[in-house]
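A quick write-up on the structure given underneath.
The values are calculated or read from the model by the stated rules, or taken from the named source; none is laboratory data. Not measured: the values here are computed from a predicted model. Positions of Cβ are generated from backbone atoms using ideal geometry, with glycine treated the same way; all protein chains shown enter the neighbour counts. Surface areas here come from the heavy atoms of the whole protein model, side chains and all, with no ligands, DNA or RNA. Shrake-Rupley method; radii C 1.70, N 1.55, O 1.52, S 1.80 Å.
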Amino acid sequence: MESLFPKGSKERLLFEIFCNLALAWFYGQLALNFFKDFQAHGKISSLLFVMQETLLVFMFVTRKQSVDFSTSPLDWIYAMVGTYAIFFIQPSGQEYAAATLTQFVAMVWVTIGYLYLGRSISIVPAHRTLKSAGLYRIVRHPLYAGYMVSFVCVLVNNMSWYNAAILSVTIAATVARVL
């Protein structure tokens, strides 16, 4: 893999700081909206969504630096859209117990996946240690699988055409990332 920014360079450090700040800002907007929804309407699904995305942001900002990462424009487009598009979902509608329970199970699945992944998380394809234990022995991409199930549940509990469009874009980009 050809490096866009050499490891240890000032440009790479600035780029990673920029990416972390962008992720934190988008996440902050999502967390604020869904936490307010939880406070106003008592929707457990909104609180679960904030918790799941908080865990993602924590894992991302504490990850270990990759040896190298992809410079493919398509990899970057899929990664950015698949990661950031979900942050535009808006709370709305009522909560369904079955969707909330399924969302909780998906969140537990994702959390277990994080435990096996450790600090090797990445938005863009990167050279890190290949994981093959735990959930990674069962499913090649357990985090993506768990997130897609969770996101569908978030949509069911926040049904709108706008949110359906955002979720469709997110899932399409995520499938492209997997492939």
With all protein chains present and a 1.4 Å probe, the order of 78, 147 from largest accessible area down is 78, 147
Residue span residue 16 to residue 137: 0.36 nm per residue of separation minus Cα-Cα distance leaves a gain in nm of 40.5 nm
Projecting the Cα atoms of 62, 46, 27 onto the charge dipole of region 14-104, where Lys and Arg contribute +1 and Asp and Glu -1 at Cβ, the residue farthest towards the positive end is 46
